[in-house]
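The values are calculated or read from the model by the stated rules, or taken from the named source; none is laboratory data. Just so you know, these numbers come straight off a predicted model, no measurement behind them. All Cβ positions, even for glycine, are placed from backbone atoms using ideal geometry, and neighbour counts span all protein chains on display.
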Amino acid sequence: MVSMRVIRCALFTILLSPAAFGADSGKVKIPLERWELMKTQVENDTKAPRPDIPFCPIERSITGSFNKGLFSATLIAKFEVLDDSGHLRVPVLDSGASIDKVTINGRRTSLLREGSMYTLGVDSPGVYTVEVKFYWGHEQVDFARRLTFRVPQSGVTRLKIRIPEVDIEPRLSQGALIDIKSSANSTTLTGALDASGLVNLAWRRKLTHKSSEKVLLQARLNTVFTIQVDMVTGLSMFKLRIINGETDRVDLRLPEGLEVVGVDGDAVLQWYTDSTEGEKLTVLLRYLVQDQVSLAVHFQFPAEEGKPITLAMPLPGQGVAMEGSLGVQGPAGLNLELAEVKNAEQLNPKDLPVELTALTTNPLQHGFSFKQKPQIKAIAKRHAQVKITSTLIDELQASTVVIEDGTEITKMKLRVRNHTAQYLSLVLPAGAELTHSLIDGIAIRPATSKDKNELLLPLRQSERIEAGAQRSHVVRQGETLSDIANFYYSDPKQWVQILEANPNLADEFDLSSGQRLFIPARKGVKVEESSFVIELAYKNLHKNLGSLGNMGSREFTLPKIKGAFPEARKVEVMRAVWHIY
């Protein structure tokens, strides 16, 4: 192979030869510009060639430990500088790191942050070894399971990282893990990065469902007891907040004699009870929880009428700080008396927390708050049989408009439940005249008493429901399943029963005017009270009061409502709303 220098020298010789200019001998004249060009070429050929790259990595390793988001490590990089042109900056480490100590060939030095990298200054060619002690990230309370930073692109980089956790599943995106070695309380990962220089390590804990004493919990507990004659059922809602650590299981204490019948929750995988070390309920979770987990525990235990009943419930494990509330409800035929209250404070009905009252649609007869294991005993006794209320108004809605001349126009809407009463009596305010009245949207003309002071509105009476019997209903324009359930059951939430009883309905919205639906009887109900809506309107001119002035006062009253029976003339109104415009 002939070098370019030899070729250029030969060309120079040829150019200087007289034969090149057609002369046999003598002097040769060439342009000065060409002469300077030839001299420059010859001088450049005599210089040593420059290297293609200024430095070359030889080997590199990163060794460190990771704990709750903070990575403490040592980077050792060996490289050779090839360029002799003077000061050279060699990239070493991601500029997001915090530098502790830097040495080059054993001597202390420093790094300079330039753009996305820390660089090291080198003045002469040679082989260098740089050692950098650094930190990445910051320590935090919650668990962090990802480590991401960069080193300059190079060949293979060896990794050795200690993680203070066991039973983990690690993954190194840009590289490979060669060895995973676990000890009593940590795991050491050994592997290598590829040439990209990106450290992207993540891991997660395996679901082992082992009990961990390192987890610190706080518990919020709300429990509702339903006392029957021979059985007490309960529902406990746990909100467990994880202060430190994480867990994939929850252990609860159980009092003796309590039977758990079900555990619900989005994170619940399965549950079981164990009596080897005291009565205990163990709930296994579907995934690791770091913040909080909610559980609903259904339970029951036997009771005996007339004897003290200890209100026992599941409690958090030993050492778990707790606070909460409990409520007691019972059927109308039972009288509940408190026999003992310890470690708990009795609450007024208005002070019951929403989390507790939301666990039941029935009123609570007693309520308590506690911050330790409560000790409460109650005695259940049957009430003497009493006659039930014949007529009840669940809701009264009234709207009154008073115009400038003093005329009053009032509309009323009553949602009524009735057993056996034949009519409802309304006494309008003095001077008022009825304009119209309807029952379930159908116009009616009420009767009047002898003195014509009372309007007698006819009522639909309760129905006797035979076992398995069904009624039918024809859907009206704009009616919904909730409307129909409210009509027959006085509870809009019972629309699901109607949907299940009519398989021809695709969903709750599959209704059309004129459609016939079957209405099932409520389970266990032999005589079902009727439910309907009464609407009426009246006008009162208030002739003796005249028009409204700029200032003054005016008194308005709603009609008096009376029952049908002389011994039950009083009609209870559960809720009333009156708007005056």
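Looking only at the range 269-301, which residues are at pLDDT 90 or above and either closer than 26 Å to residue 336 by Cα or among the basic types (Lys, Arg) (or both)?
If the condition is that a residue be at pLDDT 90 or above and either closer than 26 Å to residue 336 by Cα or among the basic types (Lys, Arg) (or both), then 280, 296, 297, 298, 299, 300, 301 are the ones that fit.
Touching a Leu at 6+ places or on another chain (Cβ under 6 Å) and surrounded by fewer than 19 Cβ atoms within 10 Å (Cβ to Cβ): does that describe residue 365?
For residue 365, the condition - touching a Leu at 6+ places or on another chain (Cβ under 6 Å) and surrounded by fewer than 19 Cβ atoms within 10 Å (Cβ to Cβ) - is met.
Residues 14, 30, 58: which one is modelled with pLDDT under 95, surrounded by 10 or more Cβ atoms within 10 Å (Cβ to Cβ), out of contact with any helix residue (DSSP H, G or I) (no Cβ under 6 Å at 6 or more places or on another chain) and over 30 Å from residue 130 (Cβ atoms)?
30
Output the number of the condition that residue 189 fails; it satisfies all remaining conditions of (1) over 24 Å from the mean Cα position of the chain (by Cα); (2) at pLDDT 90 or above; (3) surrounded by fewer than 18 Cβ atoms within 10 Å (Cβ to Cβ).
(3)
Being within 26 Å of residue 288 (Cα to Cα) and not aromatic (Phe, Trp, Tyr), is that true of even one residue in the range 148-155?
For the range 148-155, residues within 26 Å of residue 288 (Cα to Cα) and not aromatic (Phe, Trp, Tyr): present.
Can you tell me how many residues in the range 78-103 are in contact (Cβ under 8 Å) with a residue 60 or more places away in the chain and either more than 17 Å from residue 135 (Cβ to Cβ) or surrounded by fewer than 16 Cβ atoms within 10 Å (Cβ to Cβ) (or both)?
1
Please indicate, with yes or no, whether at least one residue in the range 304-312 is assigned to a strand (DSSP E or B), over 30 Å from the mean Cα position of the chain (by Cα) and closer than 18 Å to residue 235 by Cα.
Yes; the residues of the range 304-312 include at least one that is assigned to a strand (DSSP E or B), over 30 Å from the mean Cα position of the chain (by Cα) and closer than 18 Å to residue 235 by Cα.
Quick check on the range 530-581: of everything there that is in a loop (DSSP other than H, G, I, E, B) and more than 19 Å from residue 400 (Cβ to Cβ), which residue is modelled with the lowest pLDDT?
This residue is 565.
Looking only at the range 271-315, count how many residues are under 16 Å from residue 259 (Cα atoms) and not β-branched (Val, Ile, Thr).
20
In the list 121, 155, which residue meets the criterion of being over 27 Å from the mean Cα position of the chain (by Cα), surrounded by fewer than 17 Cβ atoms within 10 Å (Cβ to Cβ) and in a loop (DSSP other than H, G, I, E, B)?
After applying the criteria, what remains is 155.
Just for the range 256-268: of the residues that are outside any strand (DSSP E or B) and among the hydrophobic types (A, V, I, L, M, F, W, C), which one is modelled with the lowest pLDDT?
It comes out as 267.
Report the residue count in the range 415-443 for those that are assigned to a loop (DSSP other than H, G, I, E, B) and among the hydroxyl-bearing types (Ser, Thr, Tyr).
1
Of the residues that sit in the range 125-148 and are in a loop (DSSP other than H, G, I, E, B) and touching an Asp or Glu at 6+ places or on another chain (Cβ under 7 Å), which one is modelled with the lowest pLDDT?
Filtering the range 125-148 for residues that are in a loop (DSSP other than H, G, I, E, B) and touching an Asp or Glu at 6+ places or on another chain (Cβ under 7 Å), the one modelled with the lowest pLDDT comes out as 143.
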